[in-house]
Amino acid sequence: MRSFSIVLLSLTTLSSHGFDLNLPFFSSPFQSTPSKTKTSNTPVVICPGFGNDEIDYLTPLDQPRESSLIAALERRGFENVYTIPLKRYEWIRVAGGLFDVPNFYTGNCLPTGLGYGWYVKRLKETVNQAYEETGEKVLLVGHSAGGWLARAAMGDGIWSDDISTKDRVRCLVTLGAIHKAPQDPNTCVTKGALLNTDVLYPGAFLKNDGIGYVSVGGCAVQGNNDKEEKEDLSNKSLEKADEMYSIRGEGSAARVAFNSYTAVAGEGALIGDGVVPFEWTQLDGSRQISLDGVVHSINEAGTTIPSDRWYGSESVMDRWMSAVMEEAGLEQ
């Protein structure tokens, strides 16, 4: 008891002389709340979706920069936003999977193989650049295919020979990403790369390493194969899109979605963001978010009509950003 009194007196004396007893050395062993990092210090790396160009996240469809995902992130305090340097024509490199014999023909390609390995490599290079320039772990924003390819890059937790993924990545948020293969894996256009990603690194695989996971999916379009079926045309961009679908003989947004959902999931009569069915966007073990009325990309599916209701729109971002801030341990 006398020893305890001496220790208590010593701590009181230190406190009275201006020593901060909240420093880690003096902290209670029962205090486990992690310190938070400011958004201004945290680099963001945007991982483009299949067919997307880096410019789609800067000046989408030749719209002003202020309408972009990058600008929306900057308005929320993120001062260091990177996008994987990628031109639209480079996606032809996916055809390199044809030479991945026999994996391409047996549906057993790896995400690091000839079809997608170039993307995974560039993603990691961009993350390394962001870390080296800021000294902070990265918030990954994976749009569409960029979401599952980011999971592939994060891998089994080993980033490189002497670096762990948890030392480079703070959190992964996926926007409209496909997180599982179709009901019949043999129909998957990735020829096994997506399936193997989910088999090798299932769900929020590195969550126990302290990496946050958030999966965001839109519920905007119900797939319907009826050529005459029309969606709610209260949205002007959707109304224009339906007019274009009609002219092209595709029927409506609902029918276009039906065909896309069938390709992704093996079933078309589902609800989703117009390209990916909602259920396929939700990663097991992650913080899961459903967004009514939100579509897949900067354009209405299959058109060049700009959309103001996609995941990265100014009016949509705050519907998922608060969850990301929490999972990533960030503060303004």
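Just so it is clear, none of the values below were taken in a lab; they were calculated from the coordinates. Because the structure is predicted, anything quoted here is derived from the model rather than measured. Quick reminder, even Gly has a Cβ in these numbers, built from the backbone with ideal geometry, and neighbours come from all protein chains shown.
Going down the list K121/K166; K38/K87; K36/K166, which pairs span over 22 Å between their C-alpha atoms?
Values: K121/K166 17 Å; K38/K87 31 Å; K36/K166 16 Å.
Where the Cα-Cα span goes over 22 Å, the pairs concerned are K38/K87.
Output ³J(HN,Hα) for the range 275-291: one whole-Hz value per residue in order, computed from phi by the Karplus curve 6.51 cos²θ - 1.76 cosθ + 1.60 with θ = phi - 60°, and x for Gly and Pro.
These are the phi-based 3J(HN,Hα) values: 10, 10, x, 3, 4, 6, 8, 9, 8, 4, x, 8, 6, 9, 10, 10, 10 Hz.
Please list, ordered by chain and number, the residues whose modelled amide H lies under 5 Å from the amide H of K38; skip anything fewer than 5 residues away on the same chain.
E331
Taking 2.2 N^0.38 Å as the expected size of a compact globular protein, what ratio does the Cα radius of gyration of the range 98-156 give against it, to two decimals? Walk me through the intermediate numbers first.
Values: Rg = 13.5 Å, N = 59, 2.2 N^0.38 = 10.4 Å.
That works out to 1.30 for the range 98-156.
Name the residues whose placed amide hydrogens come within less than 5 Å of the amide hydrogen of S307, ignoring near sequence neighbours (fewer than 5 apart) on the same chain.
Residues meeting the criterion, in which the H sits 1.01 Å from N, are N299, E300.
What FRET efficiency comes out for the pair I55/D308, r = Cβ-Cβ distance, R0 = 22 Å, nearest 0.05? Kindly include the intermediate steps, with their values, before the conclusion.
Values: r = 18 Å, r/R0 = 0.82.
The computed FRET efficiency comes out at 0.75.
Quick one: if you stick a label point 7 Å off each Cα along the C-beta vector at E267 and K121, how many nm between them?
3.9 nm
Please list, in order along the range 37-50, the HN-Hα scalar couplings obtained from phi with the Karplus expression 6.51 cos²θ - 1.76 cosθ + 1.60 (θ = phi - 60°), rounded to whole Hz, x for Gly and Pro.
Taking θ as phi minus 60°, the curve returns 9, 6, 4, 4, 8, 8, x, 10, 10, 8, 9, x, x, 4 Hz for the range 37-50.
What distance in nm lies between label points placed 7 Å from Cα along the C-beta direction at S322 and N186?
Between S322 and N186, the label points sit 4.8 nm apart.
Using the Karplus curve 6.51 cos²θ - 1.76 cosθ + 1.60 with θ = phi - 60°, what ³J(HN,Hα) values do you get for each residue of the range 141-153, in whole Hz, with x for Gly and Pro?
The phi angles translate into 10, x, 8, 6, 4, x, x, 6, 6, 5, 4, 5, 5 Hz.
Once amide H atoms are placed 1.01 Å from N in the peptide plane, what residues at a sequence separation of 5 or more from Y213, or on another chain, have their amide H within under 5 Å of its amide H?
L172, R287
Can you tell me the order of 264-270, 136-142, 177-183 when each peptide is scored by its average per-residue count of other Cβ atoms within 10 angstrom, highest first?
In descending order of packing, they fall as 136-142, 177-183, 264-270.
Obtain the nm distance between the two label points defined at D209 and V101 by a simple spin-label model: each point lies 7 Å from its Cα along the Cα-to-C-beta direction.
3.5 nm
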